[in-house]
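A quick write-up on the structure given underneath.
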Amino acid sequence: MDHVTSTDEQSDRCPIATISPDFRTSAHQHYERLRAAGPVHRVRQPSGLDVWLVVGQQAVREAAVHPALVKDASSAQEALDAIGFTGNKPGSGFGGNMLTADPPHHTRLRKLVAGTFTGRRTELLRPRVQEIADRLLDAIAPAGQADLVAAFAGPLPMTVICELLGVPEEHREDFRSWSHEAMTAPVHLQREGAEKLNRYLAELLEAKRREPAEDLLSGLVQVNDEQDGRLSDVELLGTAVLLVVAGHDTTVNLLSNAALALLTHPAQAELLRADPALLPNAVEEFLRFDAPVEFAPFRFAAEDLELAGTTIRRGDVVQLGLTAAGRDGAGLDALDVARPDPRHVSFGHGIHYCLGAPLARLEGEIAIGTLLRRFPDLELAVPVEELRWHPYGITRGPVELPVRWGTAPH
């Protein structure tokens with residue numbers, strides 16, 4: 001991965017790296033070299049789309065609130081169509097929700113669900129999240145070994161979000177599969193997973209309209225219907241899709257990455273076991289150390305602009321490197337669960353800051369704390385070099401996390 005040194009504009013616009021599966025296996029080494037060369041670089045995504053990747057934390061914060069970097073894809077639609085990108089399409093991708101909207105539509109959509117994910121309301125879920133964590137670990141304890149992703153980090157957030165939304169238990173495995181496919185598969189399979197998820201949720205919303213229950217989807221339908229359609233049907237569906245994806249796959253990777261960080265830093269794990277009061281701070285450090293969302297969803301240049309000394313043209317696609325930004329600074333390659341104020345942008349920055357952050361933090365605190373307490377001799381069952389990372393999509397996490405422990409957990 002060589003840095004482009006020519007000052008010729010055409011050369012500067014050539015990608016200096018391709019975000020390939022090999023790149024993502026050793027992502028932090030690549031990001032270190034990119035940051036050393038500057039905060040913004042032209043790279044090629046696996047789909048073939050060339051984007052400006054922002055890898056410096058200050059530049060990420062600047063880009064996140066830049067008025068010329070918008071969610072409206074019209075300036076870049078030709079380039080998106082050329083690679084068959086449908087991620088921002090309502091009804092088949094992830095469009096129609098607050099994450100793909102600019103103000104004032106973003107403000108209206110966000111207000112509709114903001115009250116559900118406040119810190120105070122999320123805290124009420126603590127007993128149920130703890131119950132789910134204990135049940136999942138009870139099920140695997142006698143075996144002495146497991147894939148922690150499949151047995152714990154995956155099912156915990158899926159169970160929580162399905163219960164919140166009101167997804168029937170018999171459909172949850174399909175639901176999990178479609179959500180995972182939509183976020184981590186190659187582009188054509190991402191599209192298929194997103195379409196299946198959209199179809200199912202459209203049917204579920206209609207069922208909630210006919211027979212409402214005490215769940216979030218029923219609440220969205222009711223608020224919408226009672227207030228003369230505050231959401232269009234497309235926006236209602238898009239909001240449901242966003243809640244699923246943001247409430248599941250990202251948290252799976254938060255838990256997986258945090259567990260792996262502790263497995264490869266046993267002294268830090270012992271520190272947390274000795275002082276569980278450090279857990280809330282530790283979750284922030286895990287988010288900084290290996291962000292579960294590697295790339296924020298696309299932004300599009302509505303006009304020519306300068307970002308951290310780089311000229312970005314109207315119609316260019318910009319992607320914020322959240323994983324790269326987390327280690328932008330001296331000493332940040334080290335894991336320190338007691339680090340004062342571990343600043344990160346893993347939940348984004350500005351108006352698109354993650355609405356579900358309180359829930360993700362709660363699940364991280366409970367899941368990691370319970371895992372450390374229940375399995376004091378937990379260790380990786382394979383060399384860390386053999387772990388595979390999801391090669392596609394915007395999230396970052398191991399495909400599997402084989403672990404083992406003594407069969408008499410606490």
**Among the residues listed as Ala367, Ala324, the single one being touching a residue at least 60 places away in the same chain (Cβ under 8 Å), aliphatic (A, V, I, L, M), under 29 Å from Gly48 (Cα atoms) and in a helix (DSSP H, G or I)** = Ala324
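Yes/no matrix, rows are residues, columns are (1) out of contact with any strand residue (DSSP E or B) (no Cβ under 9 Å at 6 or more places or on another chain); (2) closer than 20 Å to Arg128 by Cα; (3) surrounded by fewer than 16 Cβ atoms within 10 Å (Cβ to Cβ):
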| site | (1), (2), (3) |
| --- | --- |
| Ile351 | yes, no, yes |
| Gly364 | yes, yes, no |
| Val382 | no, no, yes |
| Glu385 | yes, no, yes |
| Ile394 | no, no, no |
| Val403 | no, no, no |
**Request:** Being closer than 18 Å to Thr264 by Cβ and of a type in the set (D, E, K, R) is the filter here, so list the residues in the stretch 370-401 that pass it.
**Result:** Asp377, Glu379, Glu385, Glu386, Arg388, Arg396, Glu400
**Asked** Hey, does the stretch 145-155 have a residue that's surrounded by fewer than 17 Cβ atoms within 10 Å (Cβ to Cβ), assigned to a helix (DSSP H, G or I) and at pLDDT 95 or above?
**Response** yes
**Item:** Residue match in the stretch 215-235 (condition: closer than 25 Å to Asp377 by Cβ and buried (at least 16 other Cβ atoms within 10 Å of the Cβ))
**Value:** no
**Message:** Can you find a residue that is out of contact with any helix residue (DSSP H, G or I) (no Cβ under 7 Å at 6 or more places or on another chain) and either at pLDDT 95 or above or within 16 Å of Leu255 (Cα to Cα) (or both) anywhere in the stretch 346-363?
**Reply:** yes
**Complete:** In the set Arg209, Arg199, Arg191, the lone residue that is part of a helix (DSSP H, G or I), under 13 Å from Gly238 (Cα atoms), among the basic types (Lys, Arg) and out of contact with any strand residue (DSSP E or B) (no Cβ under 6 Å at 6 or more places or on another chain) is Arg199
**Asked** Applying the selection to the stretch 96-110, what residues are buried (at least 19 other Cβ atoms within 10 Å of the Cβ) and within 19 Å of Ala64 (Cα to Cα)?
**Response** Asn97, Met98, Leu99, Thr100, Ala101, Leu109, Arg110
**Sole residue being assigned to a helix (DSSP H, G or I), in contact with a Pro (Cβ under 8 Å, 6 or more places away or on another chain) and closer than 28 Å to Arg388 by Cβ, chosen from Ser256, Ser218** = Ser256
**Message:** Considering only the stretch 123-138, I want to know if a residue exists there that is part of a helix (DSSP H, G or I) and modelled with pLDDT under 95.
**Reply:** yes
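Here is a yes/no grid of residues against (1) closer than 30 Å to Val241 by Cα; (2) modelled with pLDDT under 95; (3) more than 18 Å from the chain's Cα centre (by Cα); (4) surrounded by 19 or more Cβ atoms within 10 Å (Cβ to Cβ):
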residue	(1), (2), (3), (4)
Ala330	no, yes, yes, no
Arg343	yes, yes, no, no
Ala367	yes, no, no, yes
Arg373	no, no, yes, no
Glu379	no, no, yes, no
**Asked** Any idea how many residues of the stretch 156-195 are more than 25 Å from Leu371 (Cα to Cα) and surrounded by fewer than 17 Cβ atoms within 10 Å (Cβ to Cβ)?
**Response** 8
**Message:** All but one of (1) farther than 24 Å from Thr311 by Cβ; (2) surrounded by fewer than 20 Cβ atoms within 10 Å (Cβ to Cβ); (3) among the β-branched types (Val, Ile, Thr); (4) touching a Lys or Arg at 6+ places or on another chain (Cβ under 7 Å) hold for Ile16; state the number of the condition that does not hold.
**Reply:** (1)
**Message:** If I filter the stretch 93-107 down to residues being assigned to a helix (DSSP H, G or I) and over 18 Å from the mean Cα position of the chain (by Cα), which single residue comes out as farthest from Ser74 (Cα to Cα)?
**Reply:** Thr107
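The values are calculated or read from the model by the stated rules, or taken from the named source; none is laboratory data. None of these values were measured; they are calculated from a predicted model. Glycine also receives a Cβ, built like all others from the backbone with ideal geometry; neighbour counts cover every protein chain displayed.
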